[in-house]
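**Q** The structure's right below; bear with me while I get my questions together.
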Amino acid sequence: MALRGARTISVLTVGTVTTLMAALTPVTAFAAGDPLQQYALQKLRWERCDTGGPATFECAKVKVPLDYSDPGGRKIDLAISRVKASGAKERHGVLLMNPGGPGVPGLTMPVEMEPLLPAEVRERFDLVGFDPRGVGQSAPISCGLTADEQAVQHPYTARTFAKDVALARTVADKCWAKAGDMLPHLTTRNTARDMDVVRAALGEKKISYFGYSYGTYLGAVYTQMFPRRSDRFVLDSALDPTLAWRGTFRGWSAGAELAFTRWTEWAAARNATYGLGPTPAKVRKTYWDLIARADRTPVPTNGGALSGGAIRSQYGAFVGVKTVTPWIVALKASATGGPPAPATPTASAVTAASAEPAVPGSAPVRSADAEAFGADVPADNQSAVTWAAFCGDTRSWPRNPEQYRRDVIRDRAKYPLAGDLGATIQPCAFWKSAAREPATVVSNDVNALIVQNQWDPQATLAMAQGMRRALHGARMVTVAGGEGHGVVVAGPSCADAGVTRYLTTGRLPVKDLTCGGQ
């Protein structure tokens, strides 16, 4: 998935005391007399997590104010977890983690990230995960959404646009009817404030951080709000903070078109194997002929028939040229009487972006999380928090449905593959309460390391470059030819050495780098 202007004090309605004190007082906790001091002094009760993880995996609850403009009012519990640093003498501090979303739980992230980090990192940091407010075990919310109401990308046609408008309105109305007391407070800025309370409750002067996808935006917002408390920040697959959030949705389309063009060239060079066309133009025509046929008669698959719009919604898969090509071949055969094709492309390079392209910055909910959460977490929890953050973070969403119609037509003409899918109307057009704070303008000199795949379908290279421009003190390592959403989270890559050096020594590369493909 905030405040306009670098190092600016929050608007009076939310968090004035918190932000002002953060700028004027020592970083160890909060100033004497600050209403937030009670949260810094709370005693955490650590117990073994009931997730089936190792004995070293501990969980606790941290109390935070629901409304930071009323710190003495209603409180909620945040679920946090940790795996302690393996070296007492080498310990540097805590490495707080967020897996994306917004709305993705992060309680099990320490045990999931531990094997991906080298020993010299694990001995220096307590790995700390948390479920953000409203998510998982941290006061989870629900909008009561059906599966259909959670699908937010729709191909545009003049005939169906009124239905899309009605669906967006329904989602907004249901959210406010069911979770209206919580929605105004489920913003990225408040999650960043929660991170600072966690820091203080853990007794840390500063925090280091690893954020993935939407988690890169959350980390960047924290560095803007609390620059003196930000230590070593690794941002994996970054989003452009200037695009939050309607611009992020629309930004997918340009990246998708680039990946699609690259795929047509790749498939044309292998026409003898796949038979999709001997030139990029003919491969492109083969694809669009398939889409037109599927719009007339949906293509049979082992997961149900797919319309052309449904096939196009898998646009993120085109970054994985070796895996998407057999799928297109199978769809083409199925459309002309062959056996049913797979419902989706399948391979490690095809990530959440292709499986669930509707939510920027999302990560798949992992099985370990599901076991940790239990039946008390609503089925639509991630979708509910997604809209709470996207709609509550910024006032940039148009309120007039006709603006979306115009944008859809314009974007579809410019980016045929996915322009309408990214620009379509969303529940934020009908959100009952405008964002309480302006969107955060990220512009600071805090050190951070951005790592990025060249062909990320969801946090595109252009988006990561936008994050790099916003963080003047950062460096960026781009994995040339890297496919899929995620660098560190996806396993070994040429960026790993730079990440390890930065986390263990605090030293960034002298300049931005591009390294060889994975």
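**Q** Could you compute the FRET efficiency for residue 157 and residue 181, with r as their C-beta to C-beta distance and R0 at 41 Å, rounded to 0.05?
**A** Approximately 0.65, to the nearest 0.05.
**Q** How many Å³ per residue does the convex hull of the Cα positions in the range 180-291 occupy? It would help to have the intermediate numbers written out before the result.
**A** Numbers: hull volume 18.1 nm³, N = 112.
Spread over its residues, the Cα hull of the range 180-291 gives 162 Å³ apiece.
**Q** Sticking with the crude label model, points 7 Å out along Cα→Cβ, report the distance from residue 507 to residue 307 in nm, one decimal please.
**A** 5.7
**Q** Treating the Cα atoms of the range 365-518 as identical point scatterers in vacuum, please give the log10 of the normalised Debye intensity I(q)/I(0) at q = 0.09, 0.11, 0.16 Å⁻¹, two decimals.
**A** -0.45, -0.67, -1.17
**Q** Now, a different point. How far apart, in nm, are two points set 7 Å out from the Cα along the Cα-to-Cβ line at residue 205 and at residue 120?
**A** 2.4
**Q** Which distance in nm do the two modelled labels at residue 31 and residue 443 give, with both placed 7 Å along the Cα-to-Cβ direction?
**A** Reported label-point gap for residue 31 and residue 443 is 2.6 nm.
**Q** So what's the convex hull volume per residue for the Cα atoms of the range 214-271, in Å³?
**A** Numbers: hull volume 5.2 nm³, N = 58.
Expressed per residue, the convex hull around the Cα atoms of the range 214-271 is 91 Å³.
**Q** Moving on. If the chain between residue 336 and residue 146 were fully stretched, how many nm would it gain, using 0.36 nm times the residue separation less the Cα-Cα distance? Numbers along the way, then the final one.
**A** Working: separation 190, 0.36 × 190 = 68.40 nm, distance 3.33 nm.
Net length gain for the segment: 65.1 nm.
**Q** I would also like to ask the following. Karplus couplings for the range 381-393 from phi (6.51 cos²θ - 1.76 cosθ + 1.60, θ = phi - 60°), rounded to Hz, Gly and Pro as x?
**A** 4, 5, 4, 4, 6, 3, 6, 4, 6, 4, 7, x, 6
**Q** Also: What length, rounded to one decimal in nm, is gained on full extension from residue 406 through to residue 270, with 0.36 nm per residue of separation minus their alpha-carbon distance? Before the final figure, lay out each step's value.
**A** Details: separation 136, 0.36 × 136 = 48.96 nm, distance 3.86 nm.
Computed gain between residue 406 and residue 270 is 45.1 nm.
**Q** How would 461, 66 line up by accessible area, probe 1.4 Å, largest first?
**A** Values: 461 45, 66 10 Å².
From most accessible down to least: 461, 66.
**Q** I've got another one for you. If the chain between residue 395 and residue 285 were fully stretched, how many nm would it gain, using 0.36 nm times the residue separation less the Cα-Cα distance?
**A** Details: separation 110, 0.36 × 110 = 39.60 nm, distance 4.01 nm.
Full-extension gain reported as 35.6 nm.
**Q** Test of the criteria: in the range 259-347, which chymotrypsin sites (Phe, Trp or Tyr not before Pro) are in a DSSP loop and have at most 11 other Cβ atoms within 10 angstrom of their Cβ?
**A** Working: sites: 260, 263, 266, 274, 287, 288, 315, 318, 327; in loops: none.
For chymotrypsin sites (Phe, Trp or Tyr not before Pro) across the range 259-347 that sit outside H, G, I, E and B with at most 11 neighbouring Cβ atoms in 10 Å, the list is empty.
**Q** Applying 1/(1 + (r/R0)^6) with R0 = 51 Å to the Cβ-Cβ distance of residue 433 and residue 228, what FRET efficiency is obtained, to the nearest 0.05?
**A** Numbers: r = 32 Å, r/R0 = 0.62.
With R0 = 51 Å, the Cβ-Cβ based efficiency is 0.95.
**Q** Over the chain, give the accessible area per residue in Å² for a 1.4 Å probe, as an integer.
**A** Details: 19420 Å² over 518 residues.
Result: 37 Å² per residue.
**Q** Give the peptides 74-85, 98-109 in descending order of average Cβ contacts within 10 Å, highest first.
**A** 98-109, 74-85
**Q** Give the residue list of trypsin sites (Lys or Arg not before Pro) in the range 381-483 that are DSSP loop and have at most 12 other beta-carbon atoms within 10 angstrom. Mind dumping the intermediate values first?
**A** Numbers: sites: 395, 399, 405, 406, 410, 412, 414, 432, 436, 468, 469, 475; in loops: 395, 399, 432, 436.
Within the range 381-483, the qualifying trypsin sites (Lys or Arg not before Pro) (loop, at most 12 other Cβ atoms within 10 Å) are 399.
**Q** Now, a different point. Can you give the % of DSSP beta bridges in the chain that are antiparallel, to the nearest 5? Each step should come with its number before you reach the end.
**A** Values: 16 of 45 bridges.
Rounded to the nearest five, the antiparallel share is 35 percent.
**Q** What accessible area, in Å² to the nearest ten, does a 1.4 Å probe give for residue 92?
**A** The value for residue 92 is about 80 Å².
**Q** When the accessible area of the chain is split by element with a 1.4 Å probe, what percent falls to carbon and sulfur? Before the final figure, lay out each step's value.
**A** Working: 10590 of 19420 Å².
Carbon with sulfur: 55 percent of the solvent-accessible area.
**Q** Looking at this model, which pairs from 282/322; 63/206; 89/206; 163/332; 332/414; 205/432 are more than 27 angstrom apart at the alpha-carbon? Walk me through the intermediate numbers first.
**A** Working: 282/322 18 Å; 63/206 19 Å; 89/206 18 Å; 163/332 29 Å; 332/414 25 Å; 205/432 39 Å.
Flagged as over cut-off: 163/332; 205/432.
**Q** Taking R0 as 45 Å, what FRET efficiency do you get between residue 63 and residue 166 from their Cβ-Cβ distance, rounded to the nearest 0.05? Present the calculation step by step, with values, prior to reporting the outcome.
**A** Values: r = 40 Å, r/R0 = 0.89.
After rounding to 0.05, the efficiency reads 0.65.
**Q** Which value, in Å² rounded to 10, gives the accessible area of residue 169 with a 1.4 Å probe and all protein chains present?
**A** Surface accessible to solvent at residue 169 totals approximately 110 Å².
**Q** If you take the Cα atoms of the chain, find Rg, then find the Kirkwood Rh from the mean of 1/r over all pairs, what is Rg/Rh?
**A** Working: Rg = 22.7 Å, Rh = 23.4 Å.
Result: Rg/Rh = 0.97.
The values are calculated or read from the model by the stated rules, or taken from the named source; none is laboratory data. Just so it is clear, the structure is predicted and the values come from calculations on it, not from any experiment. Cβ coordinates were reconstructed from backbone atoms using ideal geometry, including for glycine residues, and neighbour counts include every protein chain displayed. We work out accessible area using only protein heavy atoms, side chains counted, and drop any ligands, DNA or RNA first. Shrake-Rupley method; radii C 1.70, N 1.55, O 1.52, S 1.80 Å.
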